[in-house]
Amino acid sequence: MSALPRIPALAKRAGTASALTVATLAATVLVPGLTPDASAATAGEQALKVAASKKGSPYQWGATGPNRFDCSGLTLYSFKKVGKSLPRTAADQYNKTRHISGGSRQTGDLVFFHSGSNVYHVGIYAGNNKIWHAPKPGTSVRLEKIWSNSVWYGRVK
């Protein structure tokens with residue numbers, strides 16, 4: 001059932017409702033993001049958007065933004081922008097996250113590339129087996145397919 005027919009009745013019940021009150025009522029009913037029960041994006045999904053907004057920013061070893069990044073610098077920057085704190089290096093970030101299985105991964109989770117027990121790279125999972133990351137010197141932040149099976153996943157707490 002549509003909520004639109006109820007708007008005039010709600011405004012009438014309010015007595016001498018101002019145009020602003022009526023507009024606010026209508027916006028709350030018509031725009032899902034304004035309703036209190038709308039589900040908000042997770043911190044990971046928000047961080048993913050931050051990372052994607054840095055597309056084309058050059059790689060620089062040790063850089064943490066806002067214009068240049070290395071892999072863990074991009075993840076640190078992206079999560080910091082949404083109020084979450086991460087350590088500086090990929091290995092330390094792995095140790096700080098809640099470890100999850102590949103089958104449980106969600107957009108916004110961190111993807112850690114490893115050789116044996118050594119974590120050497122990190123990106124943010126974008127869905128469809130792709131990550132946003134800062135690959136290596138001479139490249140820039142980009143969306144790329146996960147190229148290895150030697151990955152672990154972590155969710156920022």
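The values are calculated or read from the model by the stated rules, or taken from the named source; none is laboratory data. What you are looking at is a predicted structure, and each value in this text was computed from that prediction instead of being measured. So basically every Cβ, Gly included, is an ideal-geometry build from the backbone, and we count neighbours across all protein chains shown. Note: areas computed on protein heavy atoms with side chains; ligands, DNA, RNA excluded. Shrake-Rupley method; radii C 1.70, N 1.55, O 1.52, S 1.80 Å.
For GLY62, what is the net charge nearby, where nearby means another residue's Cβ is under 12 Å from its Cβ and Lys, Arg count +1, Asp, Glu -1? Mind dumping the intermediate values first?
Numbers: positive: ARG68, ARG88; negative: ASP70.
So the environment of GLY62 carries a net charge of +1.
If packing is taken as the average count of other Cβ atoms within 10 Å, what order do 62-75, 112-125 fall into, highest mean first?
62-75, 112-125
Taking amide H positions as placed 1.01 Å from N in the peptide plane, with prolines and chain starts having none, which residues 5 or more places from ILE100, or on another chain, fall under 5 Å of its amide H?
Hits under the 5 Å cutoff: TYR153, GLY154, ARG155.
Pairs LYS55/LYS96; LYS54/LYS96; LYS49/LYS81; LYS81/LYS145: which exceed 22 Å Cα-Cα?
From the list (LYS55/LYS96; LYS54/LYS96; LYS49/LYS81; LYS81/LYS145), the Cα-Cα distance tops 22 Å for LYS55/LYS96; LYS54/LYS96; LYS81/LYS145.
I want the local charge near THR89. Using Cβ-Cβ distances under 12 Å, sum +1 for each Lys or Arg and -1 for each Asp or Glu among the other residues.
For residues surrounding THR89, the net value is 0.
Please sort 145-157, 99-111 by packing, taking for each peptide the average over its residues of neighbouring beta carbons within 10 angstrom, highest first.
Per-residue mean Cβ counts within 10 Å order the peptides as 99-111, 145-157.
Could you please report the charge total around CYS71, scoring K, R as +1 and D, E as -1 over all other residues with beta-carbon less than 13 angstrom from its beta-carbon?
After counting each charged neighbour, the total is +2.
In what order, largest first, do LEU48, LEU143 sit by accessible area if the probe radius is 1.4 Å?
I get LEU143, LEU48, largest accessible area first.
LYS130: which aspartates and glutamates have alpha carbons under 15 Å from its alpha carbon, excluding same-chain residues fewer than 8 sequence positions away?
Hits, sequence-local ones excluded: GLU45, ASP109, GLU144.
Can you give me the pair-distance distribution of segment 74-157, C-alpha pairs, 5 Å bins, whole percents?
Whole-percent P(r) values from 0 Å outward: 3, 16, 28, 29, 19, 5, 0.
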